[in-house]
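K.L.:
The structure under discussion is supplied below as structure tokens; questions concerning it will follow.
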Amino acid sequence: MTNTNLSNARTAKNDEFYTQFDDIEKEIKVYLEYNPNVFEGKTILCPCDDPYKSNFFKYFALYFQELKLKKLITTYYVGSPFDNKEVSLFSPKIQEKKTTKNPHKIEITEIPDLNIDGVGNLSDVELLLESDRNNLTRLKDDGDFRSDEITKLRDEADMIVTNPPFSLFREFLNWITEANKEFLIIGNMNAITYKEVFHLIKENKMWLGATIHSGDREFAVPDDYPLYAAGCRIDENGKKFIRVKGVRWFTNLEHGRRHQPLTLKTMSKNLRYSYKSNGKELYVKYDNYDAIEIPATDAIPSDYDGIMGVPISFLDKYCPEQFEILGKTNNKEHAKGFLIGNDPTAMINGKKLYHRILIKHKKF
């Protein structure tokens, strides 16, 4: 999906994309490898997820017993663009059973062996949704995460896991962090440049997840969603999918991989301001700020003791024991190109650069 299409999606508030099961499973596997008990005894809230269509619900319901969850709560927003759309994850029988357009929630405290095969599996989840034991209740409000009803569920939960609407990412993240909850959510990489998001990264209260570092990811979309960009597709069942660039996991769950230091190149002093790589001159100082430009993460020198400006993609490999994050630049227009609030612009030869993160080696 192009940036233009993503922008249009934000404007239309039609950006509640449905995350693929494999992407969820791959990410959560990393946390389990680091800490097998990370979900044990926890109440998980998925507050942007129709349980009939959400792969987050499907994942946690499927592995409810294996993860030793205490409770799974899933809530459905009545204003979702997926209302009455045929994107069910389960059988047509389940989709036909779901006739309500009202916001609702499902609370699960167990996955009983309803098909009596000796194990809890996806068949049991389907039977649970078909039966009267699925604890489905209608919500009084519209199911918006900002409502008092959903906020109360947030306060009950230990962890929030979902794909919130990209257009509401800042507000959703604040909603989580004000309650001091554990979380694993999906957002666009550009969210890093928001001051409400960046300060959490700078203060080591949030970091990027373990499995998505480049490329794009595929999401399910409603039947009436326009397909403009290359890479969009319609599957054999007529369901639409789009590919969104710059997607990342955001979390405060420890996965260990973020503590692996980068392998850096040692550059001699006489090369610092003249070394070139792929046609780009490295270690050039900004016109208006005492820092050097690093156009790519693999070009970070090991022997520079000053401030360096790196692309926001640096956070994919950021090791908090190796570097200190000092701040970020601001790419808004400014007559003189100097400070805007606390964020300097980054300019070289009079040309304004995109957002940079300002870092410094901790060893110096």
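The values are calculated or read from the model by the stated rules, or taken from the named source; none is laboratory data. Not measured: the values here are computed from a predicted model. Cβ coordinates were reconstructed from backbone atoms using ideal geometry, including for glycine residues, and neighbour counts include every protein chain displayed. Surface areas here come from the heavy atoms of the whole protein model, side chains and all, with no ligands, DNA or RNA. Shrake-Rupley method; radii C 1.70, N 1.55, O 1.52, S 1.80 Å.
K.L.:
Between Ile44, Ile106, Ile94, Ile73, which is touching a helix residue (DSSP H, G or I) at 6+ places or on another chain (Cβ under 8 Å), in a helix (DSSP H, G or I) and either over 21 Å from Thr151 (Cα atoms) or at pLDDT 80 or above (or both)?
P.N.:
Only one candidate passes the filter, namely Ile94.
K.L.:
Output the residue which, of all residues in segment 176-189 that are open to solvent by 10 Å² or more (accessible area, probe 1.4 Å) and part of a helix (DSSP H, G or I), is farthest from Lys328 (Cα to Cα). Don't jump to the end; show me each part of the working.
P.N.:
Start the filter on segment 176-189 by keeping residues that are open to solvent by 10 Å² or more (accessible area, probe 1.4 Å), which leaves 177-182, 188-189.
Checking which are part of a helix (DSSP H, G or I) leaves us with 177, 189.
On the way: Thr177: 21, Met189: 14 Å.
Within segment 176-189, the match that is farthest from Lys328 (Cα to Cα) is Thr177.
K.L.:
Select from segment 64-78 the residues that are of a type in the set (Phe, Trp, Tyr) and farther than 15 Å from Pro112 by Cβ and list them in ascending order. I'd like the intermediate steps shown before the answer.
P.N.:
We begin by selecting, within segment 64-78, every residue of a type in the set (Phe, Trp, Tyr); these are 64, 76-77.
Hits for segment 64-78 are Tyr76, Tyr77.
K.L.:
Would you confirm, using the coordinates I've provided, whether Ile212 is open to solvent by less than 20 Å² (accessible area, probe 1.4 Å), free of Cβ contacts under 8 Å to residues at least 24 places away in the same chain and outside any strand (DSSP E or B)?
P.N.:
The answer is no for Ile212.
K.L.:
Does Tyr52 qualify as being at pLDDT below 90 and touching a helix residue (DSSP H, G or I) at 6+ places or on another chain (Cβ under 7 Å)?
P.N.:
On the way: at pLDDT below 90: yes; touching a helix residue (DSSP H, G or I) at 6+ places or on another chain (Cβ under 7 Å): yes.
So Tyr52 fits the description; yes.
K.L.:
Which one of these is of a type in the set (A, V, I, L, M), farther than 17 Å from Leu253 by Cα and at pLDDT 95 or above: Leu184, Leu168, Leu153?
P.N.:
Values: Leu184 fails: farther than 17 Å from Leu253 by Cα; Leu168 fails: at pLDDT 95 or above.
One residue alone meets the criteria, Leu153.
K.L.:
Here's something else I'd like to know. In this structure, does Ile192 turn out to be assigned to a helix (DSSP H, G or I) and either free of Cβ contacts under 8 Å to residues at least 24 places away in the same chain or open to solvent by 30 Å² or more (accessible area, probe 1.4 Å) (or both)?
P.N.:
Numbers: assigned to a helix (DSSP H, G or I): yes; either free of Cβ contacts under 8 Å to residues at least 24 places away in the same chain or open to solvent by 30 Å² or more (accessible area, probe 1.4 Å) (or both): no.
It is false that Ile192 is assigned to a helix (DSSP H, G or I) and either free of Cβ contacts under 8 Å to residues at least 24 places away in the same chain or open to solvent by 30 Å² or more (accessible area, probe 1.4 Å) (or both).
K.L.:
Here's another thing I want to ask about it. Which ones in segment 334-364 are at pLDDT below 80 and surrounded by 11 or more Cβ atoms within 10 Å (Cβ to Cβ)?
P.N.:
Residues satisfying the conditions are His334, Gly337, Phe338, Leu339, Ile340, Asp343, Pro344, Thr345.
K.L.:
Check whether at least one residue in segment 198-205 is touching an Asp or Glu at 6+ places or on another chain (Cβ under 8 Å) and open to solvent by 40 Å² or more (accessible area, probe 1.4 Å), and report yes or no.
P.N.:
First pass over segment 198-205, keeping only residues touching an Asp or Glu at 6+ places or on another chain (Cβ under 8 Å): none.
Scanning segment 198-205 turns up no residue that is touching an Asp or Glu at 6+ places or on another chain (Cβ under 8 Å) and open to solvent by 40 Å² or more (accessible area, probe 1.4 Å).
K.L.:
What number of residues in segment 275-288 are modelled with pLDDT of 85 or more and crowded, with 20+ Cβ neighbours inside 10 Å? Let's see the steps before the verdict.
P.N.:
Restricting attention to segment 275-288, the residues satisfying the condition of being modelled with pLDDT of 85 or more are 284-287.
Remaining after also requiring crowded, with 20+ Cβ neighbours inside 10 Å: 286.
Selection size over segment 275-288: 1.
Per-residue answers, yes or no, for (1) among the polar types (S, T, N, Q); (2) open to solvent by 20 Å² or more (accessible area, probe 1.4 Å); (3) modelled with pLDDT of 80 or more:
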| position | (1), (2), (3) |
| --- | --- |
| Asn237 | yes, yes, no |
| Thr251 | yes, no, yes |
| His259 | no, yes, yes |
| Met267 | no, no, no |
| Ser313 | yes, yes, yes |
| Lys332 | no, yes, no |
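K.L.:
OK, next. Run down Ile242, Ile234 and say which single residue is more than 27 Å from Glu324 (Cβ to Cβ), free of Cβ contacts under 8 Å to residues at least 12 places away in the same chain and not acidic (Asp, Glu).
P.N.:
Values: Ile242 fails: free of Cβ contacts under 8 Å to residues at least 12 places away in the same chain.
From the options Ile242, Ile234, the qualifying one is Ile234.
K.L.:
I'd like to check something: does segment 151-161 contain any residue that is open to solvent by 10 Å² or more (accessible area, probe 1.4 Å) and not in a helix (DSSP H, G or I)? I'd like the intermediate steps shown before the answer.
P.N.:
Step one: filter segment 151-161 for residues open to solvent by 10 Å² or more (accessible area, probe 1.4 Å), giving 151-156, 158.
From what's left, not in a helix (DSSP H, G or I): 158.
Yes, because at least one residue in segment 151-161 is open to solvent by 10 Å² or more (accessible area, probe 1.4 Å) and not in a helix (DSSP H, G or I).
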